[in-house]
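What follows draws every value from the coordinates through simple rules; no lab data is involved. It should be emphasised that the depicted structure is a prediction, and the values quoted were computed from it without experimental measurement. Cβ placement follows ideal geometry from the backbone for every residue including glycine, while neighbour counts extend to all protein chains displayed.
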């Protein structure tokens with residue numbers, strides 16, 4: 001979006017979301033569409049996991065991200081779960097969003113979009129993320145005015161793992177300390 005609305009975006013912060021997977025090749029469109037349709041069929045058959053309580057959901061999310069405090073896990077579960085008609089709880093999300101869209105961008109497409117971002121950009125990378133580091137992946141050179149900050153000891157959900165550190169970086173970058 002910043003490339004499209006250049007005059008409306010004066011600064012951009014991206015949390016652990018811009019990278020390049022050097023070995024990945026974009027499959028032909030027919031294969032991507034067939035894979036996507038197969039995924040949709042698979043998700044339509046999937047049973048939604050039910051939890052007896054919000055606390056059980058919090059335990060599940062904490063197991064997925066042990067860096068979360070109990071209070072954070074409870075907050076996420078409280079606001080991220082819904083009560084079902086039978087009294088059980090399930091996560092509020094659209095299971096079809098798990099299917100990879102057939103219109104994935106190629107590396108060249110991403111590079112073209114990144115190079116159009118003219119505003120100062122802060123890329124925040126998490127040291128324990130599953131995503132490759134933007135600098136090591138060669139992404140930084142495609143931005144006109146980007147700087148990289150790394151959050152040590154954080155995973156992909158760095159805003160949950162190190163909220164004060166992330167907020168401090170953003171405030172400093174935006175000049176609102």
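Report the percentage of all Cα-Cα pairs in the stretch 27-81 whose separation exceeds 15 Å, rounded to a whole percent.
Details: 893 of 1485 pairs.
Of all Cα-Cα pairs in the stretch 27-81, 60 percent lie more than 15 Å apart.
Going from the residue with the fewest nearby Cβ atoms within 10 Å to the one with the most, 81, 141, 74 rank 141, 74, 81.
The tail of the calculated P(r) for the chain beyond 28 Å holds 42 percent of all Cα-Cα pairs. Structural descriptor for the stretch 62-144: relative contact order 19 percent, calculated from alpha carbon pairs under 8 angstrom and at least 6 residues apart.
Relative contact order, whole percent, for the chain stands at 29, derived from Cα pairs under 8 Å and 6 or more residues apart.
Ranked by how many other Cβ atoms sit within 10 Å of their own Cβ, fewest first, the residues 86, 16, 133 fall in the order 86, 133, 16. Cβ crowding within 10 Å, taken as a proxy for footprinting-reagent exposure, orders 78, 19 from fewest neighbours to most as 78, 19. Computed extension length for residue 71-residue 36: 8.9 nm, one decimal, from 0.36 nm per residue of separation with the Cα-Cα distance subtracted. Per residue, the chain reaches -11000 deg cm²/dmol at 222 nm when only DSSP H runs of four or more residues are counted, each adding -39500 (n - 2.57).
Working from label points 7 Å from Cα in the Cα-to-Cβ sense, the residue 59 to residue 10 distance is 4.9 nm.
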